[in-house]
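The values are calculated or read from the model by the stated rules, or taken from the named source; none is laboratory data. Just so you know, these numbers come straight off a predicted model, no measurement behind them. With ideal geometry, Cβ positions are generated from the backbone for all residues, glycine too; neighbour counts draw on all protein chains shown. Please note that ligands, DNA and RNA were not included when accessible areas were found on the heavy atoms of the full protein model with its side chains. Shrake-Rupley method; radii C 1.70, N 1.55, O 1.52, S 1.80 Å.
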Amino acid sequence: MSTKVMVFSDFVCPFCYIGLATLHKLKNEFDLEVQWRGFQIHPEWPAEGMPTEKYYRTIGEQRRKAAWQMIETLAMEAGIEMRPPSVLANSSLALQAQEFAIEHQRGDAFEERVFRAYFHDGANIGDLGVVRELAADVGLDAAELGQALAENRYAMRLKNAALVANQHGISGVPTFIIGGYPMVGAQSIDAMRQMLQRAVQIGA
């Protein structure tokens, strides 16, 4: 019997990248049924994105550096390499494209490609052309995806995911619902393994 894991995630959240990388590592140990839910944390960011300096100016350079030192350490533990993004991207298109990728059985590959593009390659994942290129990189039909996005085919799914999150009392990402219990933030692989083991024991 597989263990159900519902994941609320956003591509502009560094801890989502780390948390999902950790979860994927454990797929070799557990029979997991992962349900991905896009949860946009910064819908107010402009569609074209904005320079990171504009945002980080509000928190100060020292705090920014300290935060990224922690993120890079956690990333190394999860087996990924991360860099601060060069632009703060609006993630709406990428989140909708992820729904398309899941429908076409390329969800995991597209998810990893988008995260890497944003947190390693410095790409603006809010740009339609970039999203289409990333889709093509993992074997998806870029033209078909572009048509789906133009028709807003997956916009309602994001709204529904936000409603489900609200029902669970979720206000931040990443949040993993494992066996009916929430786990918030990028946890260590040992902590996530223990949560999954408990879910297996209770048959969730």
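Would you confirm, using the coordinates I've provided, whether residue 145 is over 20 Å from residue 16 (Cβ atoms), crowded, with 21+ Cβ neighbours inside 10 Å and either in contact (Cβ under 8 Å) with a residue 60 or more places away in the chain or not aromatic (Phe, Trp, Tyr) (or both)? Yes.
A search for C-beta distances below 8 Å between a residue of the range 157-183 that is on the phi > 0 side of the Ramachandran plot and any residue that is exposed (fewer than 12 other Cβ atoms within 10 Å of the Cβ), counting only pairs 6+ apart in sequence or on different chains, returns 179/202. Taking the range 67-118 as the range and being at pLDDT 95 or above, surrounded by fewer than 17 Cβ atoms within 10 Å (Cβ to Cβ), charged (D, E, K, R) and farther than 17 Å from residue 24 by Cβ as the test, only 103 passes.
Would you check which residues across the range 148-187 are farther than 16 Å from residue 39 by Cα, outside any strand (DSSP E or B) and within 17 Å of the chain's Cα centre (by Cα) and list them?
Scanning the range 148-187 gives a single hit, 187.
Of the listed requirements (1) within 23 Å of residue 177 (Cβ to Cβ); (2) touching a residue at least 60 places away in the same chain (Cβ under 8 Å); (3) touching a Lys or Arg at 6+ places or on another chain (Cβ under 7 Å), residue 33 misses just one: (2). The number of residues in the range 176-204 that are open to solvent by 30 Å² or more (accessible area, probe 1.4 Å), within 25 Å of residue 73 (Cα to Cα) and not hydrophobic (A, V, I, L, M, F, W, C) comes to 6. If we keep just the residues of the range 44-71 that are part of a helix (DSSP H, G or I) and β-branched (Val, Ile, Thr), which is nearest to residue 16 (Cα to Cα)? The qualifying residue nearest to residue 16 (Cα to Cα) is 71.
Counting the residues of the range 14-40 that are touching a helix residue (DSSP H, G or I) at 6+ places or on another chain (Cβ under 9 Å) and either under 25 Å from residue 163 (Cβ atoms) or among the polar types (S, T, N, Q) (or both) gives 14. If you go through the range 92-136 and keep only what is without any contact (Cβ under 8 Å) to a residue 60 or more places away in the chain and outside any helix (DSSP H, G or I), you end up with 104, 105, 106, 120, 121, 122, 123. The residues on offer are 64, 57, and the sole one that is touching a helix residue (DSSP H, G or I) at 6+ places or on another chain (Cβ under 7 Å) and not hydrophobic (A, V, I, L, M, F, W, C) is 64.
Are any residues in the range 137-147 assigned to a helix (DSSP H, G or I) and either modelled with pLDDT under 90 or within 20 Å of the chain's Cα centre (by Cα) (or both), and if so, which ones? Lay out the reasoning, then the answer.
Our first condition is that a residue be assigned to a helix (DSSP H, G or I); within the range 137-147, this holds for 137, 142-147.
Answer for the range 137-147, where residues must be assigned to a helix (DSSP H, G or I) and either modelled with pLDDT under 90 or within 20 Å of the chain's Cα centre (by Cα) (or both): 137, 145.
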